[in-house]
Amino acid sequence: MLETMASVRNQKVAYKFRTPDTLEATPVAVKRILVVGSCMAAGLFHYAHVIFKGAEVDHVLYNYPGDLTEPPHPIEEYAFQLIHLPLRTIVPETMLSDIPHTSEEPFEEKLRECEQRLIQTFTGALAFAKNTKLMTFVSEYFIPQQNHMGRLLPRYDLRNPTYFVEQLNRKLHELAREHAAHMVQADAIAQTFGRKFIQEDLVWNWSHASYANDWDCIHDTTRIVQPTKLTSLYPINIEDFIFGFWSEIHAMYRTLTQQDSVKLVILDLDDTLWRGVIAEEGIHNRVVLEGWPLGLIEALKFLKQRGIVLAIVSKNDEATILDLWPQFLKHRLNIDDFAVRKINWRPKAENIQDILSETNLLPKNALFIDDNPVERESVQAAFPAMRVLGDELYSIRSTLLWAPETQVPYVTPESSRRTEMMQAQVQRETAKAVMTREEFLASLDVSVGIRPINTIDDERFPRALELLNKSNQFNTTGKRWTIGECQQAFLSGAIFETFEVGDKYTDYGLVGIAIVRDHIIIQFVMSCRVVGLGVEQAIIAGLAANHLPLKGVYTPTEANGLCRDLYQKHGFTLDGGIWTLQDNTVTAPPHVKFREMSDLARGDPC
């Protein structure tokens, strides 16, 4: 057993434990990274290129507010920066040592002082991101491993350095959120790989807060008997932490840029969602759900909350499954948590093709999970771009929950309602099949409301950013945006003209954005769930009323053929690579009406 554990421990990919790359299809392209900070930052920056292949990494020394020097390259050349603020600047070594421990009150006062110093130091470190598009990651601090006053004393008390640093981390998280930076949970990573293998606080003062190393021993070489090096005295393992740290940033970067994002998870049922063949074996086996099935079920509920669409493809009798489902799954997972269900005896590849058509999603944004290798191979052959899981039973849950491709930067109201909206879309498409196009559109009661966004502080901005970075097919340029780039765009006069759509089936929420600057639509993005309803024509008519001559940009990508003729079919002419509408001859389709956004925001029926 120990030998098996040791072999797993020594695997080259051990540092990827928290950030599985199972769903990674295309690598990220990062040319240059900036690292800002003192001792720990100086140690970390040497290893970033191992995870970000081919990237060049620069380090700028930063200890105190005001001593930040210019980086060696223009700031626009960096894909992102990592900031690690030295804790000993915030909490000098002697700051707390002489305070009597008879009362917590003086430590509360010192915490407030440290928080003010943290604000100043943090603000100074953001100088390169000010008025730029530079994406910023901020590392939190290691938490001391024990209460240095003794293990019998109160845990959640500011006299305990562990709790004191936790409160500083909490403040750091708040500051990062206020400044649109992204926190790297260095302490959580240290916990994953084992604090005793990583942290130096068994030797150094706790406010130094770095990882263990042997640099100190060079100062003891003249002693009569040289002490044993720290890395020989204790089982130190810094490599997994450092590579795990950069893997965490790599995963966050992939999520922020929506690289290879999964929008749809399609599952088999028997021996995949539960143990055994329920229709044949019944539901009385007490372990039918115990263990990994419950773990998978819980993971699916989290995915649904993130806005990922769930679907079932199973060779089974649908009536039997629907009858048994509530008897053994009960409240754990409802059948309606799945937006689309194909429970029949057709080939699974055919069912999956129907699901992709009904949801307007691409194979590259779907994940198929099945225990049967024959079914997996069949689906993979039919959809080469689709990711497939099921061969390794005990890695599915961690992949679904931890892989960057299934994670989202924000959870928006639209995310939590995506299953409901997708079910409404399927209903709508079913109705469409039995009517003429004119009858179908006239029956929908489509309503559209347009509202501008001109600041990242707008409550709708997270959803707008999500749309920009997840939409592929109706996306006139395919550009992905960072928060910093959006901030720069707003400062340059750009407006995100967002639009929300509803019909008689549901309120689809914020489903599109036209980014307009100087009367030019520099990007038009729309969710596929409202494609074919005439919404884009209504939006252009609405924009043209305020932006003449209205112009637009289209840049072809592998996926955006759906909007290739957007401008041409609405009367724009191509002039020097820019589409131009000289006269406002575009009118909203007769079946679409404009409504006040307050009505849609309240969820009033459309």
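Short version: ³J(HN,Hα) in whole Hz for each residue of the stretch 327-339, in order, from phi by Karplus 6.51 cos²θ - 1.76 cosθ + 1.60 (θ = phi - 60°), x for Gly and Pro, what are they?
6, 10, 8, 6, 7, 5, 8, 8, 4, 6, 5, 9, 5
Hey, which of these cross-link pairs are over 29 Å Cα-Cα: LYS263/LYS348; LYS364/LYS432; LYS16/LYS110? Don't skip to the answer; put the middle values down first.
Details: LYS263/LYS348 19 Å; LYS364/LYS432 26 Å; LYS16/LYS110 38 Å.
Pairs exceeding 29 Å: LYS16/LYS110.
Kirkwood Rh over Cα pairs of the chain into Stokes-Einstein at 20 °C, 1.002 mPa s: D in µm²/s?
Numbers: Rh = 27.3 Å.
Here the translational diffusion coefficient equals 78 µm²/s.
Straight-line reach only, C-alpha to C-alpha below 17 angstrom: list the lysines that LYS229 could link to, leaving out same-chain residues fewer than 8 apart.
Of all the lysines, those that pass the test against LYS229 - Cα under 17 Å, at least 8 places apart if same chain - are LYS196.
Note the angle between two axes, namely the Cα long axis of helix 292-306 and the longest principal axis of the Cα atoms of the chain, as a number of degrees from 0 to 90, rounded to the nearest 10.
Around 70 degrees separate the two axes.
Over the Cα atoms of the stretch 264-406, what radius of gyration and what Dmax do you get, in Å?
Rg, Dmax (Cα atoms, Å): 14.1, 39.
When you count, for each residue, the other Cβ atoms within 10 Å and take the mean per peptide, how do 120-126, 434-440, 217-223, 241-247 rank with the highest first? The partial results should precede the final answer.
Numbers: 120-126: 18.3, 434-440: 11.0, 217-223: 8.9, 241-247: 23.4.
Sorting 120-126, 434-440, 217-223, 241-247 by mean packing, highest first, produces 241-247, 120-126, 434-440, 217-223.
Where a Cα-Cα gap under 13 Å defines reach, which aspartates and glutamates qualify for LYS315, not counting those fewer than 8 residues away within the same chain?
Of all the aspartates and glutamates, those that pass the test against LYS315 - Cα under 13 Å, at least 8 places apart if same chain - are ASP268, ASP270, ASP271, GLU280, GLU350, ASP370, ASP371, GLU375.
Starting from the Cα-Cα distance between VAL531 and TYR234, subtract it from 0.36 nm times their residue separation and give me the gain in nm to one decimal.
Numbers: separation 297, 0.36 × 297 = 106.92 nm, distance 6.14 nm.
Answer, rounded to one decimal: 100.8 nm.
Quick one: net charge of GLY54's neighbours, Cβ under 11 Å, K/R +1, D/E -1?
On the way: positive: LYS31, ARG32, LYS53; negative: GLU56.
Overall, the nearby charge balance is +2.
Multiply the residue separation of MET149 and VAL13 by 0.36 nm, subtract the distance between their alpha-carbon atoms, and state the gained length in nm to one decimal.
On the way: separation 136, 0.36 × 136 = 48.96 nm, distance 3.83 nm.
So the extension gain works out to 45.1 nm.
What is the sum of charges around ASP371, taking Lys and Arg as +1, Asp and Glu as -1, for the other residues whose C-beta is under 14 Å from the C-beta of ASP371? Each step should come with its number before you reach the end.
Values: positive: ARG275, LYS315, LYS348, ARG376; negative: ASP268, ASP270, ASP271, ASP370, GLU375, GLU377, ASP391, GLU392.
Here the count lands on -4.
Using a Cα-Cα cut-off of under 26 Å, which lysines could be cross-linked to LYS130, ignoring same-chain neighbours fewer than 8 residues away?
Cross-link targets: LYS31, LYS171, LYS479.
For THR555 and TRP345, compute 0.36 nm times the residue count separating them, minus their Cα-Cα distance, and round to one decimal in nm. Walk me through the numbers on the way to the answer.
On the way: separation 210, 0.36 × 210 = 75.60 nm, distance 4.26 nm.
Roughly 71.3 nm would be gained on extension.
Provide the packing ranking of 249-262, 380-393, i.e. peptides ordered by the mean count of other C-beta atoms within 10 Å per residue, highest first.
Details: 249-262: 21.6, 380-393: 15.1.
Taking the mean over residues of other Cβ atoms within 10 Å, the ranking is 249-262, 380-393.
Charges only on Cβ, +1 for Lys and Arg, -1 for Asp and Glu: so what's the dipole of the stretch 500-558 about the Cα centre, in debye to the nearest 20?
The calculated dipole for the stretch 500-558 is roughly 100 debye.
So if we plug the beta-carbon distance of GLN488 and LYS593 into 1/(1 + (r/R0)^6) with R0 = 45 Å, what FRET efficiency do we get, rounded to 0.05? Mind dumping the intermediate values first?
Details: r = 36 Å, r/R0 = 0.79.
In this case the efficiency is close to 0.80.
Apply the Karplus curve 6.51 cos²θ - 1.76 cosθ + 1.60, θ = phi - 60°, to the phi angles in the stretch 525-541 and return the couplings in whole Hz, x for Gly and Pro.
Rounded to whole hertz, the list is 10, 8, 5, 5, 5, 10, 5, x, 9, x, 5, 4, 5, 4, 5, 5, 4.
What FRET efficiency do you get for ALA29 and LEU294 if R0 is 60 Å and r is their Cβ-Cβ distance, rounded to the nearest 0.05? Numbers along the way, then the final one.
Details: r = 39 Å, r/R0 = 0.66.
The pair ALA29/LEU294 has a calculated efficiency of 0.95.
Taken together, the values in this text are just the output of simple stated rules run on the coordinates, not laboratory data. Quick caveat, the model's predicted, so the values are computed rather than measured. Positions of Cβ are backbone-derived with ideal geometry, glycine not excepted, and every protein chain shown enters the neighbour counts.
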